[in-house]
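Accompanying notes for the structure given below.
The values are calculated or read from the model by the stated rules, or taken from the named source; none is laboratory data. Computed from a predicted model, the values in this text were never measured in an experiment. Positions of Cβ are generated from backbone atoms using ideal geometry, with glycine treated the same way; all protein chains shown enter the neighbour counts. Side chains are part of the model used for accessible areas, which takes the heavy atoms of the whole protein and leaves out ligands, DNA and RNA. Shrake-Rupley method; radii C 1.70, N 1.55, O 1.52, S 1.80 Å.
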Amino acid sequence: RLPAVDGPDALGELRADDVLVLAVKTQDAEAALAAWGPAPVAGGGTAAERLPLLCAQNGVEGQRLALRRFRHVYGVCVWLPATHVEPGVVSAAGAPLTGMLHLGRYGAPGPGGDDTLRGIAADLERAHFEAPVVPDVARWQYAKLLGNLANAIEAVSGPLKDEAVRELYDRVRAEGESVLAAAGIAFASPEEQKEARGDKITLVPQAGAPRGGGSSWQSLARGTGTIEADHLNGEIVLLGRLHGVPTPLNELLQRLADTFARERRPAGSLPPAELLRLADEAQHAQWRNGSGKESPIGS
């Protein structure tokens, strides 16, 4: 059991060598940043002015939100198989390492690391993480984003067991890759990711803590009323609209995930056959509407 508080007021003054880790879903980031940014630090100043903030989140938007308030922001690409469906209970079932956390500075004076980040990385490595400090953390985060495009599929329709559902994810990912290419955004290849992880993080089921699904599935299972799809599939939709690339499948998944969260529908309750039907309809509707571009994905 770890000590926990519901906000900075319960702690009093923060210490000058404290490190803040923003680990909420992106839709909850603004409230957390607004609460913790003004917190006083011993010796003067506020957390937003003095303390390092690590954005350990899916997607890429949390860092931009953080940099509006905090001066010292660091990005984290999180590979950490964990389950949280019951308040106060977290299962982190990775072995032999708990997870891999690529770290890098976000914003000026440029990408990469500094002494503060290298010190944080050393602490993480003593706690059973691999924590490489890299000059291009965004490249790893965008690679993770492409993988996270499957989160909404899993959340609304369950694990990607059927070949047809896995093929749907391939089509969804193809949209994402086309969008990133149009935007000129680099990402680590699947081969590079696989080589980095190796066999360092293997999911070992724990007694009494079954893993039903990933982070978005867990949000629906907890009935939180919100989900991170706006910053996963929605990030691809945003970039597609900015760069003129159609993204009908990611739009569909964003809409479905948001509806399931808002209406508190059970996780995984949409039959896969129905999801596939909706996906085909969305894609064909895009073609009928005529985007002026060839679709980046097959039927």
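Observations
- On the stretch given as the stretch 1-20, residues that are among the hydrophobic types (A, V, I, L, M, F, W, C), in a loop (DSSP other than H, G, I, E, B) and surrounded by 10 or more Cβ atoms within 10 Å (Cβ to Cβ) total 3.
- In summary, Asp28 fulfils each of the numbered conditions (1) assigned to a helix (DSSP H, G or I); (2) within 25 Å of Thr202 (Cα to Cα) with the single exception of condition (2).
- Of the residues making up the stretch 197-215, just one is open to solvent by less than 20 Å² (accessible area, probe 1.4 Å) and closer than 22 Å to Val137 by Cβ, namely Gly214.
- For the stretch 186-196, filtering for residues that are over 16 Å from Cys77 (Cα atoms) and under 19 Å from the mean Cα position of the chain (by Cα) leaves 0.
- In the stretch 279-293, residue modelled with the lowest pLDDT [restricted to those that are open to solvent by less than 40 Å² (accessible area, probe 1.4 Å) and closer than 17 Å to Asp170 by Cα]: Gln283
- Matching residues in the stretch 117-165 - criterion: being small (Gly, Ala, Ser) and farther than 30 Å from Phe260 by Cα: Gly119, Ala121, Ala122, Ala127, Ala131
- Residues considered: Glu125, Glu154. Of these, the only one that is open to solvent by 30 Å² or more (accessible area, probe 1.4 Å), closer than 23 Å to Gln254 by Cα and in a helix (DSSP H, G or I) is Glu154.
- Options Leu101, Leu160: the member that is closer than 20 Å to Asn58 by Cα, without any contact (Cβ under 8 Å) to a residue 24 or more places away in the chain and not hydroxyl-bearing (Ser, Thr, Tyr): Leu160
- Matching entry among Gly37, Gly44, Gly59, Gly75 (being open to solvent by less than 50 Å² (accessible area, probe 1.4 Å), touching a Cys at 6+ places or on another chain (Cβ under 7 Å) and either at pLDDT 95 or above or of a type in the set (Val, Ile, Thr) (or both)): Gly75
- Any pair with Cβ under 8 angstrom, 6 or more apart, that starts in the stretch 225-238 at a residue that is on the phi > 0 side of the Ramachandran plot and ends at one that is open to solvent by less than 10 Å² (accessible area, probe 1.4 Å) and assigned to a helix (DSSP H, G or I): Gly225/Ala261
- Only one of the numbered conditions (1) under 17 Å from Leu54 (Cα atoms); (2) out of contact with any Cys (no Cβ under 8 Å at 6 or more places or on another chain); (3) of a type outside the set (Val, Ile, Thr) is violated by Gln141, and that is (2).
- Qualifying residue in the stretch 193-203 (condition: over 27 Å from Glu130 (Cβ atoms), assigned to a helix (DSSP H, G or I) and free of Cβ contacts under 8 Å to residues at least 40 places away in the same chain): no
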